[in-house]
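Asker: Sharing a structure here in C-alpha cells format.
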Amino acid sequence: TSAIDDVAEQLVRDTHRVAEQAFRAGQYERAQAIVDAARQRFPTVAGVDKLEGIAKQTMPFLVEIYAGALLAEASNHVASGDLVLAREKLVAITNRYRSFSRFGVAQDTLRAISDRLAQYNEQAAQSQLDVGISNDLRLAFNEAEAAYRTVVNQYPGTVAAKEAERRLGTLAERRSDQSASALVAEALSMDMDSDYQAVLSRIEQLRRMF
C-alpha cells in the first residue's frame with residue numbers, strides 16, 4: 001500500500017508540474033482540465049490540495065474566455081435578428097460569470113434586449129387581441145374565444161393578455177344574449193295560430209335562460 005501511495009503522490013506532483021506549465025503557457029482550459037482530472041482520480045492523495053492554487057489562478061482567465069465567447073455569440077444573434085437566443089446567452093453570463101470584466105456591458109445589453117422583446121410581445125399580443133375583438137363584434141364567438149386564449153397563453157403578462165382575460169370572462173354572457181335574441185326573433189316570426197306550440201316552446205327556452 002505504501003508503494004502505491006508513493007506512486008500516486010508522484011503522479012500528483014507530476015500533474016501539478018504539467019498543470020503549472022499549461023497555466024504559464026496561457027493554456028488555461030487545459031490547466032483546469034488537468035487539475036480536475038487529478039482531483040477526481042486522487043481525491044485523498046497527499047499534495048492534491050496544492051492543485052487548488054492553480055485552479056484559483058486559472059478561474060479568472062476561464063471566466064474571461066467563457067463569458068467572452070457567450071458575449072460574442074450574443075452579438076452575433078443580435079446582428080442576425082435572433083433576440084431570443086441573444087437573451088439566453090446574456091442571461092447565462094449574468095447568472096454564471098459575475099466577475100467577468102465586461103459584466104456591465106452584458107447586463108446593459110440584456111436589459112435593452114429584454115425591453116425590445118417586451119415591446120414585440122405587446123405588439124404581437126395586441127394584433128391577436130384585435131383579431132379576437134373583430135370576431136367578437138361580428139358575433140363569431142368561437143373564433144373570438146380562440147383568439148383571446150391565444151393572447152392569454154402565448155403573451156402572459158402583457159396589457160393585451162389582461163384585456164383578453166376580461167373579454168373571456170364576459171364571452172359566455174354575450175353568447176347567451178345572442179341565443180336569446182335569436183329565440184325572440186324566431187318566436188316573433190311565427191304565426192301564433194298555426195305555430196302556437198312552437199312559440200310556447202321558444203318562450204320556455206327564454207325563461208330557462210334568464
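The values are calculated or read from the model by the stated rules, or taken from the named source; none is laboratory data. On a predicted model such as this, the values are computed, not experimentally measured, just so you know. Using ideal geometry, Cβ is built from the backbone for each residue, glycine included, and neighbour counts are taken over all protein chains shown. The accessibility values were calculated without ligands, DNA or RNA, using every heavy atom of the protein model including side chains. Shrake-Rupley method; radii C 1.70, N 1.55, O 1.52, S 1.80 Å.
Asker: Under the Karplus relation 6.51 cos²θ - 1.76 cosθ + 1.60, θ = phi - 60°, what is the ordered set of whole-Hz ³J(HN,Hα) values for segment 11-25, x standing for Gly and Pro?
Answerer: Taking θ as phi minus 60°, the curve returns 4, 5, 5, 5, 4, 4, 5, 5, 5, 5, 4, 4, 5, 5, 7 Hz for segment 11-25.
Asker: Summarise the accessible area of segment 88-178 (1.4 Å probe, protein heavy atoms) by the percent that is carbon and sulfur. Display every interim value, and only then the final one.
Answerer: Values: 2570 of 5480 Å².
Whole-percent figure for carbon plus sulfur exposure: 47.
Asker: Run the simple label-point estimate for residue 85 and residue 143 please: 7 Å along Cα→C-beta, distance reported in nm.
Answerer: Here the answer is 3.6 nm between the modelled labels.
Asker: For residue 56 and residue 108, FRET efficiency with R0 = 30 Å and r from the beta-carbon atoms, rounded to 0.05?
Answerer: Values: r = 29 Å, r/R0 = 0.97.
Efficiency for this residue pair is about 0.55.
Asker: Given labels modelled 7 Å from the Cα in the Cβ direction, how far is it in nm from residue 69 to residue 2?
Answerer: That separation, rounded to one decimal, is 4.7 nm.
Asker: Something else: Relative contact order for segment 10-49: what percent, with Cα pairs under 8 Å and sequence separation of 6 or more?
Answerer: Details: 26 pairs, mean separation 17.1, N = 40.
Relative contact order here is 43 percent.
Asker: Mind giving me the nanometre distance, one decimal, between the label points for residue 131 and residue 46, set 7 Å out from Cα along Cα→Cβ?
Answerer: So the two model labels end up 7.4 nm from each other.
Asker: Mind checking the full-extension length gain between residue 123 and residue 25? Use 0.36 nm per residue of separation minus the Cα-Cα distance, one decimal, nm. Please report the intermediate quantities before stating the final value.
Answerer: Numbers: separation 98, 0.36 × 98 = 35.28 nm, distance 5.23 nm.
Full extension of this stretch gives 30.1 nm more.
Asker: Determine the per residue accessible area of segment 55-96 with all protein chains present and a 1.4 angstrom probe, expressed in square angstrom.
Answerer: Values: 2310 Å² over 42 residues.
Value for segment 55-96: 55 Å² per residue.
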